[in-house]
Structure formats: structure tokens, C-alpha cells
Amino acid sequence: MNISPLRIQDIRVDYDDAFIFLSATLLDRVPPTGTVDGPIAHQMTILEAFTKLRMAVYQGAFELYVKDLDLAQLVQLPQLPDMFSYKLEIVLPGSAMVYNAQVWYASKYKLVKYDFHTANSQPPFYSSNPVTVIHDFNTDVKLTTPHGSFRDNKSAKLIATNEFKGARQTSPKLPLTYSLHLLEGIAYNIDRFYDNCTITQIPNNGVDSVQDNANKKTDSSYILRMRTPLELFKIDNTYRFVGQRTTRGILCNVFESLRTDFQLPNYNGTFHSIFQFYFLETGWKETSVGVGSSYMQPVRLDITAIEVTK
């Protein structure tokens, strides 16, 4: 208010747990008809506040400190089973679209199954009929010879035998340059309306596949492997326990992670996203047909994708 310190006579300080109140009296009192020119406060909208908060989080300028009380018990992130199924819903407000799918995952058998509807007529379906896609990660054979590479098991064995005999007849002392590669990744795309099946390769770095760098070849070929349950849902040491919530009437422990590596099928780039994982609270158990009682089962996963990172 631009008041000179020479005009201040008495100062009084009052405070509580949240605020400090400062009051003072002036030597020359301002008459009731006087005016005071103070700063005009700008009322920030919710959108402006959220935009500033989001930018502060991305730039690392926002810090949230959570104090763990002595009575609080830290909850460990549980592990996922080798076989499970779940329902998937993807909401794209910008496109006014909602996608639904049912997913079955079996690490023991190296199989992943998807049931869904295609939204657009694009390869390999060219229709919007109900579709089943099965990703088979069981091994296949690739034989590299001086005359080319062959994926089919029977053809590879036949060509290897014939070329072996021919090479031995012409140059019995020269070593043969054969390499046998084990590949993984065949996709069975089934149109359930027409009952036809299209066989394609499993895409590299897909939802359930990742390039196996441990077995990477020296040539241009690569090997795919099936993602583990933890890799499938991107569960790692970045998750923090944020408390307990109730969903579908079930008490759950909630874990949260801010990520930049989330991808959507048929979309380029990754997304800034927030993963919220709901697991059964330790006192709850789930009983399924043919499985029995299970504890700490995953109940729900919310993924909020904010914007494309690159």
C-alpha cells in the first residue's frame, strides 16, 4: 500500500496453524472518506492453474513432499501371475472414439489373444467385423545359406541337406557358411464374421513384444520376444504407493507412476501419461473358477495420456 514506515505507530502480530495476521496503527489516521490504491488481484481460472501445474511438473520445477509417519506402513508393489486376462478400454476424446478389447495372456504357452472390433477398414482386415488376433511367440527356424534365407522348417531342412551334399561334392574341404536362427513372432488375424485367417509377423516393439537385444544378430535380422507381465504393464521401480481407494466396491492399494514411454497402437510417438494401478488390499482375496484363492490381484489400471512427447 506504499505506506511510509514513519507513519506506523503500533504493530500487532496474530497467527494460527495456517495464517499470520499483521495489523498496525498510523500516526496520521486516514479519514473514512479516503481512498487506498492497492494492487488488483487477478482471479486465475482452473484451466490456467492446471496449465501452470502441468508445465511445472514436466520442467521439474514442481516438487511434492510426502512425509511418512512412524505409524504408516509402506506397501510393496505386488507381482503379476504368468497367466491372466483383462478388459481394455481406450478413450480418445480428440477423436470422439472409445475402443474396447478383451485380452488373454499366457506366458507359459507364449500366447497372447485379443478380441476386439476394428474401427477402420485397413490391413489385414479391411472390415469392421469382430476380430480375434493371436500372437504366437513359440520358436520358428530361419536358415541362412550362401543362396538366401528360409523361414519354413521343412524347406530349410531340405535346402540344407541338398546344398550340403552339393558343396561337399565340389569343395569337400571348404567349410560351409550356414547359420541357424531361432525367430519368434507369428500373428494369426481372424475375422470372426467371415472365418478367414491372415498370418502376419508380430510387429516389433508392440504392446506385447519387444526386440530381444540379448540375442541380437550381427546382420540386419532381429529376434522378438514376449514381454513379461511386468513389462506388459510397465511395472517398475518408478511406482509409488499413494493410498487406498475403493473401485467396484473393492478396497484396493493404489500405486502411481508418471511415464513418458507409453505408446498407443497405430499412433506415432510416445505420451506423457500417468499410470494408476489398483491391487487388492492385503486383507482381501479373489476366488476364480479353476484358480482358487488369490491375494493382491490387479483390479484396475487407469492410464491418463496427456500429450505426445516425440
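General remarks:
- Strands (runs of 3 or more DSSP E) wholly inside the stretch 199-268 that include at least 2 residues being surrounded by 16 or more Cβ atoms within 10 Å (Cβ to Cβ) and modelled with pLDDT of 85 or more: 250-262
- When the stretch 8-25 is filtered for residues that are touching a strand residue (DSSP E or B) at 6+ places or on another chain (Cβ under 7 Å) and modelled with pLDDT under 75, nothing remains.
- Restricting Asp195, Asp191 to residues that are farther than 13 Å from Phe137 by Cα, at pLDDT 80 or above and exposed (fewer than 13 other Cβ atoms within 10 Å of the Cβ) narrows the list to Asp195.
- Among residues of the stretch 89-131, those that are modelled with pLDDT of 85 or more, part of a strand (DSSP E or B) and surrounded by 14 or more Cβ atoms within 10 Å (Cβ to Cβ), counted: 12
The values are calculated or read from the model by the stated rules, or taken from the named source; none is laboratory data. Quantities reported herein were computed from a predicted structural model and do not represent experimental measurements. Cβ atoms come from the backbone with ideal geometry, glycine included; neighbour counts cover every protein chain shown.
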